[in-house]
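Read the structure below first, then the notes.
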Amino acid sequence: MSLTDLLSPSDIAAALRDCQAPDSFSPKKFFQISGMSKKSSSQLKEIFRILDNDQSGFIEEDELKYFLQRFECGARVLTTSETKTFLAAADHDGDGKIGAEGTDYFKYR
């Protein structure tokens, strides 16, 4: 399964266009534009599994830096500031990584 099985390619493209400039990435806006914020918990867990590049059950800071590239290989890398802000917001237990329970963050409730 790929991200385009769960999200519209045109929505993904629009979300990536919105954050092309360094330090312009807003997780909330990205999740809304890409359609992630409208997905069910089970769909978000599948998206999480796809984004978890090493299949460790967690998205670590090194993986998070390449978050946009998981949607499109030519997308930019998140800046250090964007990565740290994203991680801090989604890391519920303070262990420095996002677990599958953090998928509700993708909905931005």
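The values are calculated or read from the model by the stated rules, or taken from the named source; none is laboratory data. Keep in mind that what you see is a predicted model, and the values were worked out from it rather than measured. Every residue, glycine as well, gets a Cβ built from its backbone with ideal geometry; the counts of neighbours run over all protein chains shown. Surface accessibility is based on the protein's heavy atoms, side chains included, excluding ligands, DNA and RNA. Shrake-Rupley method; radii C 1.70, N 1.55, O 1.52, S 1.80 Å.
List of remarks:
- For the pair Asp18 and Ser42 in one chain, pulling the backbone fully straight at 0.36 nm per residue adds 6.0 nm over the alpha carbon distance.
- Accessible surface for the chain, divided over its residues, is 52 Å² per residue with a 1.4 Å probe.
- Each of Asp95 and Arg49 was given a label point 7 Å from its Cα along the Cα-to-Cβ line. The distance between the two points is 2.0 nm.
- Once Rg and the Kirkwood radius are both taken over the C-alpha atoms of segment 36-96, their ratio Rg/Rh works out to 0.95.
- Accessible carbon and sulfur surface of the chain relative to its total accessible area, %, 1.4 Å: 48
- Cα gyration tensor of the chain - equivalent ellipsoid semi-axes, whole Å, descending: 18, 17, 13
- Listed pairs Lys38/Lys65; Lys28/Lys84; Lys39/Lys65; Lys38/Lys97 exceeding 20 Å between Cα atoms: Lys38/Lys65; Lys39/Lys65; Lys38/Lys97
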